[in-house]
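The values are calculated or read from the model by the stated rules, or taken from the named source; none is laboratory data. The structure presented is a predicted model; accordingly, all values stated were derived computationally and were not measured. Methodologically, a virtual Cβ is constructed for each residue, glycine included, from the backbone with ideal geometry; neighbour enumeration extends over all protein chains shown. Calculation scope for accessible area: heavy atoms of the full protein, side chains included, ligands and nucleic acids excluded. Shrake-Rupley method; radii C 1.70, N 1.55, O 1.52, S 1.80 Å.
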Amino acid sequence: MQRLARQWQRHGTRVGFVPTMGYLHEGHLCLARVARKRIGNSGKVVVSIYVNPTQFAPTEDLSRYPRDLKRDLSLCRSTGVDVVFVPADAGMYPGKAAGDFSTHVMEENLAGRMEGAARPTHFRGVTTVVAKLFNILLPDLAVFGAKDWQQAAIIKRMVSDLNFPVKIIVAPTVREADGVAMSSRNKYLVGNLRPQAVVLSAAIKQVRAMVKAATKPISSTRLRSLVTKMVSAAPDARLDYVEFFDPKTLLPQTRVTHGSHVALAVFIGKTRLIDNGRL
Ligand code: AMP
């Protein structure tokens, strides 16, 4: 793949890249369409599909993460993706089992909060694999989803701190008709769990309406207790965290106002879902 990317680079062919863990849905395909639009018809759009083991903690869902490569390839083909890069663990982390992988990329400020506090090794795995993928694919631009707001902020920081010559584009969250953010993990939501997933986007909507109606900033404590109450009304839902923050710096805000951002993580049964939005 790197040899091909170098050939493209030598010929002046620009590359737009969309990293994913597969089990593709409309959210992923929108990112590929944004990449195409930005890179033009003469450029190459590359989607990677790799369930990266280093961003999962031992207790998480790595082995049962949904996969369907055949379907993914056909979706990529019909979306006009030029190349789907599907590396194997042995290619990405050769010798890891024997302890022969010991270099990581770690963002040390933004990655400590929210998802990073809940999943302490997660972002180190993400930044490391994205840095590797950038080095393999040599993209001119890469598209990430606003669905993972904190991840996109960390990748932007990494690119700026380490001088990756890659433009980062963040594309909006794509939602199901009922407001639930599309996610490969929604597949886990069987039976009466699926309707309960609405609670994340409903809470964001409710908070947004309150902020919009208010004439002055609202305390995060008040909004947090509103969200807690909404989540606890769903029988199988458990709030992991809800944070109000500045969308650029990710710094928590105690006075929440128009332009603030909210992010939350909620367990629906055993499935952990995340969502966020601008207020
Ligand atoms: P994943 O396969 O879940 O690791 O996601 C790969 C990329 O797709 C990330 O940049 C995500 O932020 C993005 N993504 C996932 N779900 C959505 C969605 N519902 N809308 C927009 N982007 C998404």
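Using a 1.4 Å probe on the protein heavy atoms, what percent of the accessible area of the stretch 184-278 belongs to carbon and sulfur?
Details: 2790 of 4910 Å².
Ligands and nucleic acids excluded, carbon and sulfur give 57 percent.
Contact order normalised by length for the stretch 184-278, with contacts defined as Cα pairs under 8 Å and 6 or more residues apart; what percent is it?
Numbers: 145 pairs, mean separation 29.2, N = 95.
In percent, rounded to a whole number, it is 31.
Could you calculate the contour length gain from Phe101 to Asp178, that is, 0.36 nm times the residue separation minus the distance between their Cα atoms, to one decimal place in nm? Don't skip to the answer; put the middle values down first.
Details: separation 77, 0.36 × 77 = 27.72 nm, distance 4.36 nm.
In short, 23.4 nm is gained.
If you restrict to DSSP beta bridges whose two residues both lie in the chain, what percentage is antiparallel, to the nearest 5?
Numbers: 20 of 36 bridges.
In the chain, approximately 55 percent of DSSP beta bridges are antiparallel ones.
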If the chain between Val86 and Thr215 were fully extended at 0.36 nm per residue, the gain over the current Cα-Cα distance would be 41.3 nm
Using θ = phi - 60° and the Karplus form 6.51 cos²θ - 1.76 cosθ + 1.60, what ³J(HN,Hα) does each residue of the stretch 110-127 get, whole Hz, x for Gly and Pro? 5, 7, x, 9, 6, 4, x, 6, 6, 9, x, 9, 4, 6, 4, x, 5, 5
Among Ala181, Met106, Ala90, the residue whose Cα sits farthest towards the positive end of the charge dipole of the stretch 30-188, when +1 is placed on the Cβ of each Lys and Arg and -1 on the Cβ of each Asp and Glu, is Ala181
Roll a 1.4 Å probe over the protein chains and send me the accessible area per residue for the chain in Å². 50
Using the Cα centre as the reference, give the magnitude of the dipole from point charges on the C-beta atoms of the stretch 92-165 (Lys, Arg: +1; Asp, Glu: -1; all else neutral), rounded to the nearest 20 debye. 160
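Strictly over 20 Å apart at the Cα level, which of Lys156/Lys248; Lys248/Lys270; Lys37/Lys187; Lys44/Lys187; Lys132/Lys167; Lys156/Lys270 would you flag in this model? Can you show the working numbers first?
On the way: Lys156/Lys248 10 Å; Lys248/Lys270 31 Å; Lys37/Lys187 29 Å; Lys44/Lys187 30 Å; Lys132/Lys167 16 Å; Lys156/Lys270 31 Å.
Too far apart for the 20 Å limit: Lys248/Lys270; Lys37/Lys187; Lys44/Lys187; Lys156/Lys270.
For the chain, what's the relative contact order in percent, using C-alpha pairs closer than 8 Å and at least 6 residues apart? Provide the component values of the computation, followed by the final result.
Numbers: 464 pairs, mean separation 47.5, N = 279.
Relative contact order of the chain: 17 percent.
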Identify all aspartates and glutamates with a Cα-Cα distance to Lys205 below 14 Å; exclude those on the same chain that are fewer than 8 residues away in sequence. Asp178, Asp275
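Sorted by average packing, counted as other Cβ atoms within 10 angstrom per residue and highest first, what order do 49-61, 20-32, 114-126 take? Display every interim value, and only then the final one.
Details: 49-61: 15.9, 20-32: 21.6, 114-126: 19.0.
The densest-packed peptide leads the list: 20-32, 114-126, 49-61.
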How many angstrom lie between the C-alpha centres of the stretch 159-187 and the stretch 198-251? 21
